[in-house]
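What follows is one structure encoded as structure tokens, with my remarks underneath.
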């Protein structure tokens, strides 16, 4: 059984992938899994041409067409379980997450089944957060605290770590950005112990838009509320077990 794999969802990230992979190669010796979610640029070619620079083994899954951020993570989780990895760490390739922080997640996973990155910590550097994202994040965090008496300080940070035992117990169905929130709801449902560690808040491109029709903040907020409602009342047949 292998120890750790890093899952990196990719969609049209050719402008950052080279730098990301270079920093990644200096930050970890773990195996890497890139999940290309139907990119239409040269992302796949960049991954393949830079693979030899990575210390661990590099794997690549390619969706023939774009399915969504959540679908890319689910593909990564399923592959990690299939190949026997004990620890799984997810982070984005657009340089909004620091590959240099991977070691902190590996260490924290020695004591917790789930480790969540949080950009809302006294020790974090805050850099140019868009107002609508801040307000939605705070609203959903408050909603979870009110409805479930659980405090997640950053519901939408995608820099996270999971142990195999947690991934084998959960069910996921969100194909888009709501998977970050759905994973928190699975923590609640399964009564899983989790920890949070600080990561920097980095926004490099204020013009970058949400996909899947979610760039409008009100539509995005309504979608996130729907994720919570569906999770609370979902039937088993409407969900997808990660380990299948």
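Looking only at residues that are touching a helix residue (DSSP H, G or I) at 6+ places or on another chain (Cβ under 8 Å) and surrounded by fewer than 19 Cβ atoms within 10 Å (Cβ to Cβ) in region 145-155, which one is farthest from residue 86 (Cα to Cα)?
147
Is it the case that residue 73 is over 15 Å from residue 196 (Cα atoms), in contact (Cβ under 8 Å) with a residue 24 or more places away in the chain, surrounded by 21 or more Cβ atoms within 10 Å (Cβ to Cβ) and in contact with a strand residue (DSSP E or B) (Cβ under 7 Å, 6 or more places away or on another chain)?
Yes.
Just to be sure, is residue 59 more than 24 Å from residue 181 (Cα to Cα) and surrounded by fewer than 23 Cβ atoms within 10 Å (Cβ to Cβ)?
Judged against the criteria, residue 59 is a match.
What tally of residues in region 157-174 results from selecting those that are surrounded by fewer than 19 Cβ atoms within 10 Å (Cβ to Cβ) and out of contact with any strand residue (DSSP E or B) (no Cβ under 8 Å at 6 or more places or on another chain)?
Residues that pass the stated criteria total 3.
Would you mention how many residues in region 186-220 are modelled with pLDDT of 90 or more and crowded, with 17+ Cβ neighbours inside 10 Å?
Residues meeting the conditions: 10.
The values are calculated or read from the model by the stated rules, or taken from the named source; none is laboratory data. Only a predicted model underlies this, so the values are computations on that prediction, with no experimental measurement involved. Positions of Cβ are generated from backbone atoms using ideal geometry, with glycine treated the same way; all protein chains shown enter the neighbour counts.
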